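Structure record follows, encoded as structure tokens.
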Amino acid sequence: MTRLLVAALACLGALLPVESRGQDGRRTFVRVRWDSVGAVSDSADAPRLLNPQLVAAWNGDSAVVVDYGDWSIKAFDRRGRQLWKYGRRGAGPGEFGGIGSLSIGPSGLVWVADRGNARLYALSRDGVLRSAITLRQTPEEVLQLGDSVLIVWFPLDSALSALGLDGRRLIRRLSLPPAARAAHVIVRGSLKLTAVDREAVAIAFLYSSSLGRLSLTGRSMAATGIDSVPFPGPKQWFTAPRTGRIGPDPLAPRTVAALASDGHRLFALSAGLVADRQVSARGGDDASDVIDVYSARTLEYLGSWKLPITAQSMAWADGTLVLLSREPEPRLTFWRVRETAR
């Protein structure tokens, strides 16, 4: 079984700044050819995608989604067939209380962070449960990196943790940058992760343009994305007057809705709430039709793609981009992408 181990990740506080901007500090759009190679949609008689929120992909032929409509994990191929379904809402075995993260490891295992029940699930490619670990804290993000798994906790107390195979033995704690440690706990815990290769991970904070690359060999770097929103940004959290609950301000600028990589490039799906993004957001909250592309090695800004549709989430595998859209109706679309000119 894949070991739950994170080894020798560099301290986030040692990240080195790198410029990552267009020539005039604004987006430079690249001409892209979009070839549709598959789709998953619903019929009125047999809806399969109810309220999908997250997507991950094994290869260019199949993908898996988190569907909050029935609190399950569902797998589809690009011809529209549902391959399997796992889970439902609840607190018992095989039940989810609130899924915060979905990712697929190099071996094909599907990793699910159930923050509602403080569990970590691993499913096989055919939807069979491989492990279910009850944790002492709430897992927000989980990402397999080679034979290691990185877990982000919520609320994040300015450090990430690496656990042993049993989910209880703490191996190390990973510090956040000083600017993140000074931010509110809700803000600094709002981030996205993606594997760049077997030894490196990229990180993006949702309420700033901060990007980072962390390597298991000890190398690390940071950059400011094209949106240039300073971390942590103005008015990032609020207290609800009636309930007293603390959460992100709905008017605060969000920069990233999803993060993916093909090993050479880093793809950041721009979120829909940044006022000066120069993108259209026709598909609801955080919907976007722009992907910003960076070098996965240096985090240098390479240009932006205008998507053929709006999307709330995405995944990349084997040269295929999988887009998850919820408006006007839930659907998955599979695209082959080729840059033609700048």
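Tabulated values for the structure
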quantity	calculated
Relative packing of 260-271, 85-96, which averages over residues the other C-beta atoms within 10 Å, highest first	260-271, 85-96
Net +/- balance of residues flanking ASP318 in space, Cβ distance below 15 Å, scoring K and R +1, D and E -1	0
Cα point-scatterer Debye curve for the stretch 64-143, base-10 log of I(q)/I(0) at q = 0.12, 0.20 Å⁻¹	-0.29, -0.82
Two-site FRET efficiency, GLU199 against SER124, from Cβ-Cβ distance with R₀ of 25 Å, rounded to 0.05	0.55
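Values in this text are rule-based calculations from the coordinates and carry no lab data. Bear in mind that the values here come from a model prediction, so they are computed numbers and not experimental data. Every residue, glycine among them, receives a Cβ derived from its backbone with ideal geometry; neighbour counts consider all protein chains shown.
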